[in-house]
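Here the structure comes first, spelled out in structure tokens, and everything after it is commentary.
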Amino acid sequence: MLFVISIALPFYMDYNYCVTCFQRQGDQMRLYKVSLRITSIAVFSLLLISASSHTAFADKTASDYTSDAEIDYTKGNFDSGIDECNQAIELDPNYYDAYEERGLLYLEKGEYDLAISDETKTIELSPDSILAYQLRGEAYGRQGNYYQDAIDQTSAIEKSPNYYDALAERGYSYYMQGNNDQALEDCNKAIWADPNDIWAYQVRGYIYGSQGNYAQEVADESTVIGLYPAARVPCSYAWQAHVARAQAYIKMGQYDNAWSDVHKAQSLGIEVPQDLIDSLNANSGSNNDSGGQQ
């Protein structure tokens, strides 16, 4: 900044010196005086603005880059967020928040090995990072490693017993391992900790469906559908609740409602299993959703 001022100031002084000389020669030089003064001020101002912009860019911290990445995540701009985290890590290779955020972005992109690597690095740098355990476990779960998922979620829960995201995810891992009792207990705890936890309701709906409690499954999947518009972060998986609810309606013999959910899911770009459609065709005898629930 001082360097730029030291360059700009002589220009400004020289212009003013010229103005003084012109003024001594009479009124015919007044027009030149005004023109030169405006030019000198403009040049000086532009140099100061340029210097300020350069200084602001140079002063951007690892925390600033990571904050920008968090904003990118909420907007679904995952690649841009990863770039921001890369910049943060380049500035400070030990800034664990950047690894943690980048791991989340990789998780949303489906790059699970990279997500696991980043969350593992976060835990190395900050062993008390609860979110890192939760995210790493979720990445393991999406790879089908539900055992390791449950272990990481348990580590997060031990550090924060009412951590609803970890409770809901561990509930899903237990459900996928066939431990419905423990899964149900975790989902109930998650919903108690946060009555708006979409994932906990969705998983609990799956559990109820597997136990033949279809009315309760419909209730939970309906809650998911109702909560989605106010979700804190993007969670497109929530629309899968239409498919799960359609399956429950078929079991209950409510075929119009089932068709309604099938068509809604299809309109949202959700793939509906062909066996579900075949079952509906076989049982209802028509592809008619009149009177169905939206």
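Side notes on the structure shown:
- Theoretical FRET efficiency, 1/(1+(r/R0)^6), r = Cβ-Cβ of ASN94 and TYR147, R0 45 Å, to 0.05: 0.90
- Relative frequency of Cα-Cα separations exceeding 18 Å in region 73-202, percent: 53
- Length gained when the stretch GLU124-SER210 is fully extended (0.36 nm per residue, less Cα-Cα span): 27.1 nm
- Entry note: region 138-188 has Rg to Rh equal to 0.93, where both radii use alpha-carbon atoms and Rh is the Kirkwood radius.
- Cα shape, region 168-264, gyration tensor, a/c 1.5 rule: oblate
- Between GLU70 and SER222, the modelled label-to-label distance comes to 3.7 nm, taking each label 7 Å out from Cα in the direction of the beta carbon.
- Unsatisfied cross-links (Cα-Cα over 25 Å) in the set LYS75/LYS109; LYS75/LYS189; LYS60/LYS121: LYS75/LYS189
Read-outs: derived from the displayed coordinates by stated rules, not from any lab. Keep in mind it's a predicted model, so treat the numbers as computed, not measured. Virtual Cβ from ideal backbone geometry, glycine too; neighbours counted across all protein chains shown.
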